[in-house]
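The values are calculated or read from the model by the stated rules, or taken from the named source; none is laboratory data. What you see is a predicted model, and the numbers here were worked out from it, not measured in a lab. Virtual Cβ from ideal backbone geometry, glycine too; neighbours counted across all protein chains shown.
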Amino acid sequence: MSPALACYLAASRLAAPLARLLLARRAARGKEDKARLGERMGRPGLPRPDGPLVWLHGASVGEALAALALIARMGAARPGLQFLLTTGTLTSARMVAPLMPPTARHQFAPLDAWAFVTRFLAHWRPDLAARIDSELWPATLVATAQAATWRAAHGRARRDARGSGIGEAQAAGGAGVSGAGGADVSGAARADVMVTGGADVVGAGGADVVVAGGADVVVAGGDGAARRAARDPAGAWRGAPLALVNGRISARSQRGWAWAPGMARALMARFSLILAQDAASAARFMALGADPARVRVGGALKAAAPPPAADPEALASVRAAAGARPVWVAASTHAPEEALALAAHAQSAIPGLLTIIAPRHPERGAAVAALARGAGLTVTRRSAGQGIDGAAVHVADTLGEMGLWYRLAPFAFIGGSVAEIGGHNPYEPAALGAALAHGPHVANFADAYAALDGAARRVTDAGELAAALVWALAPGGGLTPQAAAAARAGAAALAPDTDALDAAAASLLALLDGRG
């Protein structure tokens with residue numbers, strides 16, 4: 001193990017108290033679900049279902065929607081399969097809630113503290129773990145991959161226990177601990193601990209812990225997973241092969257790993273399979289130390305995800321309110337893109353223009369509305385229950401309604417592309433027939449934006465965005481002929497790539513079956 005990774009893991013073992021404080025502060029600011037805060041500490045909010053379980057993790061909305069498409073395809077091929085989807089944001093949790101099939105359940109991902117991650121793994125015991133896109137949290141990766149040694153350690157523990165007469169000890173209201181071979185063991189309330197071979201173990205808070213073979217392992221969880229495994233060899237968790245799907249890494253991120261190349265190699269070695277979005281990402285993963293035999297170019301899963309839905313009544317209502325006004329949407333914006341959109345609105349001088357601004361983080365809605373008022377524009381907010389009637393600017397600061405605005409507005413500026421974020425998903429508006437504009441920073445979807453070359457307008461400032469509005473929007477609503485042609489070309493360039501989805505599903509099922 002590299003020194004950098006060892007230091008990180010050591011810090012993660014001490015991080016739980018600080019992580020709890022961080023979560024409390026985030027919850028106070030409305031960035032965490034207070035009712036489900038325990039999930040961020042690895043405490044399960046739901047029981048584990050019977051049968052094989054595939055754990056998919058996506059950081060936020062786009063990754064979660066790609067994961068849902070993958071769940072649908074894998075579930076169709078293997079009807080008995082169960083799924084766990086974890087995400088890290090409130091927005092993603094609210095988005096996926098109504099879309100989850102009966103075979104899937106959602107949890108918030110635990111923070112990357114060793115105690116949280118191992119508690120999570122002990123309860124859920126996934127048969128396969130797949131991470132979507134580019135989230136590489138070291139403690140989570142190491143703990144998940146180390147779990148593959150569980151079966152061997154479990155067998156040694158049982159043999160050692162039989163040879164030395166060690167059994168499982170239980171004590172009401174306190175620790176029940178058996179130790180042999182010089183074990184250094186401390187147990188806290190309600191811990192059932194079985195220890196052999198000189199391991200250092202801490203069991204706490206209702207945890208069941210099985211440790212063997214000299215490893216420093218803590219597996220915690222309130223459901224008695226380890227205790228059942230110790231009693232029933234057939235029920236023991238056999239570990240989870242780890243896959244990275246839709247993998248993406250920019251040149252900038254690769255350079256960021258230069259400070260710890262050994263750590264990068266150690267993390268890459270944990271993956272049994274890496275399906276990269278494109279050849280450039282595949283090459284970067286291999287440069288970081290991934291085994292070339294385990295790396296493939298799998299394509300972009302987000303291209304296969306269906307476009308966001310829209311409530312028919314809500315769509316009819318906003319269309320009636322907009323009438324024949326020219327309408328456009330600045331979607332998934334970050335500062336200073338809202339200011340740019342407002343300046344473009346004014347500079348375009350299009351009569352009756354309705355500008356919809358959908359900030360990437362809806363909690364910024366009040367600040368965006370204040371910007372519009374400061375620019376002398378009439379503004380309404382969706383989250384306040386206000387309509388678009390009479391407004392020059394409407395702030396779409398709600399969750400799960402991008403399908404509504406992409407259907408209303410025939411022209412869309414995709415945010416995170418003038419701000420140096422890397423660009424957001426262009427597949428959704430393209431699939432719904434919008435003509436597109438974007439800024440220069442599109443590394444997150446480099447192949448997609450390259451395919452849009454000639455079919456989308458590239459803008460860098462308010463003047464260029466204003467010119468794009470004049471080019472795209474017809475005076476009586478809808479698109480000009482040239483913008484309509486560009487929209488058709490964009491939709492064709494970003495047509496759904498079901499081959500990538502089929503290939504990813506087949507690869508994960510093969511890995512689950514031990515054929516990957």
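Any idea which of V418, V368 is of a type in the set (V, I, T), in a helix (DSSP H, G or I) and more than 20 Å from L315 (Cα to Cα)?
One residue alone meets the criteria, V368.
P261 - would you say it is farther than 30 Å from T498 by Cβ and surrounded by fewer than 18 Cβ atoms within 10 Å (Cβ to Cβ)?
Yes.
Table: residues versus (1) touching a Leu at 6+ places or on another chain (Cβ under 8 Å); (2) under 22 Å from L301 (Cβ atoms).
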| site | (1), (2) |
| --- | --- |
| P410 | yes, no |
| H424 | no, yes |
| G477 | no, no |
| A493 | yes, yes |
| T498 | no, yes |
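Within the stretch 286-340, track down each residue that is of a type in the set (D, E, K, R), surrounded by fewer than 18 Cβ atoms within 10 Å (Cβ to Cβ) and closer than 19 Å to L436 by Cα.
Hit for the stretch 286-340 is R325, nothing else.
Pick out the one residue from G38, G30 that is at pLDDT 95 or above and either small (G, A, S) or assigned to a helix (DSSP H, G or I) (or both).
Criteria check complete, one pass: G38.
Which one of these is in contact with a strand residue (DSSP E or B) (Cβ under 9 Å, 6 or more places away or on another chain), touching a residue at least 60 places away in the same chain (Cβ under 8 Å), within 18 Å of E337 (Cα to Cα) and surrounded by 20 or more Cβ atoms within 10 Å (Cβ to Cβ): L473, L465, L436, L479?
Unique residue meeting the criteria: L465.
Need a quick list: strands (runs of 3 or more DSSP E) entirely within the stretch 292-364 having at least 2 residues that are among the polar types (S, T, N, Q) and more than 27 Å from P496 (Cα to Cα).
Hits in the stretch 292-364: none.
Can you tell me which of (1) part of a helix (DSSP H, G or I); (2) over 22 Å from H57 (Cα atoms); (3) under 33 Å from the mean Cα position of the chain (by Cα) is the one A506 doesn't meet?
Looking at each condition in turn, A506 falls short on (2).
How many residues are within 13 Å of V329 (Cβ to Cβ) and modelled with pLDDT under 95 if we restrict to the stretch 390-402?
2
Do we find a residue being over 23 Å from A64 (Cβ atoms), surrounded by 17 or more Cβ atoms within 10 Å (Cβ to Cβ) and touching a residue at least 12 places away in the same chain (Cβ under 8 Å) anywhere in the stretch 399-407?
No, because not a single residue in the stretch 399-407 is over 23 Å from A64 (Cβ atoms), surrounded by 17 or more Cβ atoms within 10 Å (Cβ to Cβ) and touching a residue at least 12 places away in the same chain (Cβ under 8 Å).
Suppose we filter E363, E338 for residues that are in the same structural domain as A483 (by TED's automatic domain parsing), of a type outside the set (A, V, I, L, M) and in contact with a Leu (Cβ under 6 Å, 6 or more places away or on another chain); which single one remains?
The conditions single out E338.
Any idea which residue in the stretch 421-433 is nearest to S250 (Cα to Cα), counting only those that are in contact (Cβ under 8 Å) with a residue 60 or more places away in the chain and not in a helix (DSSP H, G or I)?
This residue is G422.
Name the residues in the stretch 13-27 that are free of Cβ contacts under 8 Å to residues at least 40 places away in the same chain and assigned to a helix (DSSP H, G or I), would you?
P17, L18, R20, L21, A24, R25, R26, A27
Conditions (1) outside any helix (DSSP H, G or I); (2) over 25 Å from the mean Cα position of the chain (by Cα); (3) farther than 16 Å from Q277 by Cα, marked per residue:
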residue	(1), (2), (3)
P440	yes, no, yes
D447	no, no, no
A450	no, no, no
G463	no, yes, yes
A466	no, yes, yes
V470	no, yes, yes
Q482	no, yes, yes
A486	no, yes, yes
G490	no, yes, yes
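Taking V442 as the residue in question, decide whether it is in contact with a His (Cβ under 8 Å, 6 or more places away or on another chain) and under 22 Å from S332 (Cα atoms).
Criteria not met by V442.
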